[in-house]
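Each remark here refers to the structure printed beneath this line.
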Amino acid sequence: MQNGSNADIPLVGKPADPIDKQRLTEMRFVSPGYFAAMQLPILKGRDFTAQDAAKTQQVAIVNEAWVKEFLNTNEDPLAQAFKGDPGDGTTAIVGVARSGRQDLFEPANAEADFPLTQMPQSWLAFIPQFYLFVRTSVPPTSIVPQLRSALHQVAPNVAFRTPEIMEQLLSDALVTNRMLSWLFGLLTAIGIYGLLSQEVASRTRDIGVRMALGATRVGVAQLVLGRVGVLLIVGIGAG
């Protein structure tokens, strides 16, 4: 489960960014098992555990993009800490996770994740919704009744929405790219056909002379295709 927003989170011992060069961090509150469900391995440090409770040391896990954006190459992310939000205290960074893109067509954002159990209660009034991620080895649609039943048992007053399947979301997001690829492929085929036709038409006399002198069909075809191949290579290189 997760919920998120973005904010400027200062680091202990580091000066704040200038107003005109402020860097934002994607903040997410997640429950244990989030990184496993999203297949984002912890590359350094540790994952959240049941011991990360409301009254214990506040902790956070950052991603690779955050480390690259905010730290120098010789700085250890596990030696850093946030000051201020989310609990108005000091939050120790205990892990580094692999980056996951929030947009298919954009690089991963700098992200810091916090345990859902350490979310300030005062924030709940400003959070419109949470997202529940479920990974399964069976067809996703087959577990919808179990998900509905589980949600009803935990929160009977919360309306159940039909789950969205990640593969379908990705497919929908890429449909425009597929159409453009198909269109460019068609235009490429038409262009190659036009180039081949133009080459043959412009060398009809030359081809006739060569065949009169004993050139074979294979030899003529190799001549034309070789010429077209050179033009294609030059065109692709220029492109």
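Read-outs: derived from the displayed coordinates by stated rules, not from any lab. None of these values were measured; they are calculated from a predicted model. No Cβ is skipped: glycine too gets one built from the backbone with ideal geometry, and neighbour counts run over all protein chains shown.
Here are the numbers:
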quantity	calculated
Nonlocal amide H pairs with N63, under 5 Å, H built at 1.01 Å	A97, E111
222 nm mean residue ellipticity, helices alone, for the chain (DSSP H n ≥ 4; -39,500 (n - 2.57); rounded to 500)	-12500 deg cm²/dmol
Computed E for W123/I42 - FRET, C-beta separation, R0 25 angstrom, nearest 0.05	0.50
On Cα atoms only, tilt of 166-202 relative to the major axis of the chain in degrees	20
From phi via Karplus (6.51, -1.76, 1.60), per-residue ³J(HN,Hα) for region 67-72 in Hz, x at Gly/Pro	4, 5, 7, 10, 10, 7
Rounded tilt (10° steps) of 144-154 against the dominant C-alpha axis of the chain	20
Set of lysines with alpha-carbon distance to K44 below 17 Å, sequence-local pairs under 8 removed	K68
Calculated FRET value between M179 and A238, using beta carbons and R₀ = 22 Å, to 0.05	0.25
Ranked list, fewest to most other Cβ atoms within 10 Å of each Cβ, for D20, D8	D20, D8
For region 37-44, 3J(HN,Hα) per residue [Karplus equation, 6.51 cos²θ - 1.76 cosθ + 1.60, θ = phi - 60°, Hz, x = Gly/Pro]	5, 8, 6, 10, x, 7, 8, 8
Shape of region 2-131, Cα gyration tensor, a/c cut at 1.5	rounded
